[in-house]
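Enquirer: Here it is, the structure, as structure tokens.
Since every read-out is calculated from the coordinates, none of them should be taken as a lab result. A quick note: this is a predicted structure, and the numbers were derived from the prediction, not measured. Neighbour counts are summed over all protein chains in view; Cβ atoms, including those assigned to glycine, are modelled from backbone coordinates with ideal geometry.
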Amino acid sequence: MIDQRFLEPAEPHYHPPMTRAPSWFTGALAHRPASRSVEVNGCDVHYLQWGDPTKPALVLIHGGAAHAQWWSFIAPQLTHHYFVTAVDLSGHGDSGRRTAYSAEQWANEVMAVFDHSGGLGRPVIVGHSMGGIVAIVTAARFGEELDGAIMIDAPVRRPDPETEEGERGRMFRNPKTYPDLETAVEHFHLQPPQPCDNPFIVDHIARTSLHETPDGWTWKFDPAVFQRAGSTAHEYLADTKCRIALMHGEMSDLLTQDVQEYMEELTGRNAPMIEIPQSYHHVPLDQPLALIAALRAILADWQHTIPKQKLREMAL
């Protein structure tokens, strides 16, 4: 489980200098996705889609308190080879809310969205931060149904019962409501706190993270998504049943060297650990083009290679 203190939207300090967005970004946003939803265990789960459904399937999973639009400027860059789906996990974005949340339930949602999406074959799933933990759980529980899983800056730490107990007891405070959209956008900031050299991306994310209520503008996520049981992600990572790749920001405060070494230990050093230069935790916002290049590279390799497990099965 991602450390809750890093996801809590404390009083924001977002006042970026507005710079003109580059053409690759505006061009990507011009590719409007299809918007769909499916009911999963009594909750409507919303998702977005880009591209040709006859191409191999790619499912993108956002982080905690985020939503599918965090991928809206990345997904179109991958449609030349893939049919891309981005899910709003329950309690996030435009999906419904539940009385309780778990990574296992979210993994069910990922697979249900793919089944409903019209995608062919077995998908590759990609998750950032908390979405990376969901991808790990999905790869352990449904690995035989996947073609691979890529986790981006999703730290899996050594179990620490004392710390986890403190995390379970920490209540997520109520998100604030603002009188208008612009005031709300001014109060958006990233968690964990970090600089970002792409204010046009942060502005886009902020605006798509809000919705209007009778009382004003507030954040879309349900605070209850952080009230979950202690993490067993280390057990799931050790039990993944498909090809996996691990990515992290060069300057991330979460995926530190000791965390990287522990995750490599859990995977038997059988998964690439790919560093994205000049990036903090929020890799898709910090270095989107470098991330796209890294994803294209690993996906292209997976298109032309056979996992060791399959080679062993073929030899029997």
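Enquirer: State log₁₀ I(q)/I(0) for the chain at q = 0.08, 0.16 Å⁻¹ as given by the Debye formula over alpha-carbon point scatterers of equal weight, solvent excluded.
Expert: Per q value, in the given order, log10 I(q)/I(0) is -0.33, -1.49.
Enquirer: Less than 14 Å Cβ to Cβ from Pro179, Lys/Arg counted +1 and Asp/Glu -1: what total charge do the surrounding residues give?
Expert: Summing Lys and Arg as +1 and Asp and Glu as -1 gives -4.
Enquirer: When the helix-only estimate is applied to the chain (DSSP H runs of n ≥ 4, each -39,500 (n - 2.57), divided by the residue count), what is the mean residue ellipticity at 222 nm, nearest 500 deg cm²/dmol?
Expert: On the way: 11 runs with 105 residues, N = 316.
-9500 deg cm²/dmol, from helical runs alone.
Enquirer: Another question, if that's okay. Where in the chain are the DSSP H helices whose alpha-carbon span along the long axis reaches 18 Å or more and whose Kyte-Doolittle mean is at least -0.5? Before the final figure, lay out the partial values.
Expert: Values: long enough: 103-117 (21 Å, -0.26); 288-304 (24 Å, 0.94).
TM-like helix candidates: 103-117, 288-304.
Enquirer: Moving on to the next point. Under the 0.36 nm per residue contour assumption, what length would be gained going from the current alpha-carbon distance of Glu212 and Glu261 to full extension?
Expert: So the extension gain works out to 13.3 nm.
Enquirer: Ranked highest first by the average count of other Cβ atoms within 10 Å around their residues, in what order do 79-91, 259-271 fall?
Expert: Per-residue mean Cβ counts within 10 Å order the peptides as 79-91, 259-271.
Enquirer: Right, another one. Using Cα-Cα distances under 8 Å and only pairs 6 or more residues apart, what relative contact order does the chain have, in percent?
Expert: For the chain, the relative contact order is 20 percent.
Enquirer: Based on the mean of other beta carbon atoms within 10 Å per residue, what is the order of 284-292, 174-182, most packed first? Display every interim value, and only then the final one.
Expert: Numbers: 284-292: 20.9, 174-182: 12.8.
Ranking, from highest mean packing down: 284-292, 174-182.
Enquirer: So, counting K/R as plus one and D/E as minus one, what does the shell of residues with Cβ under 9 Å around Gly148 add up to?
Expert: Cβ neighbours under 9 Å give a net charge of +1.
Enquirer: So what's the net charge close to Tyr82: Lys and Arg +1, Asp and Glu -1, counting the other residues with Cβ under 15 Å from its Cβ?
Expert: Counting the neighbours of Tyr82, the net charge comes to 0.
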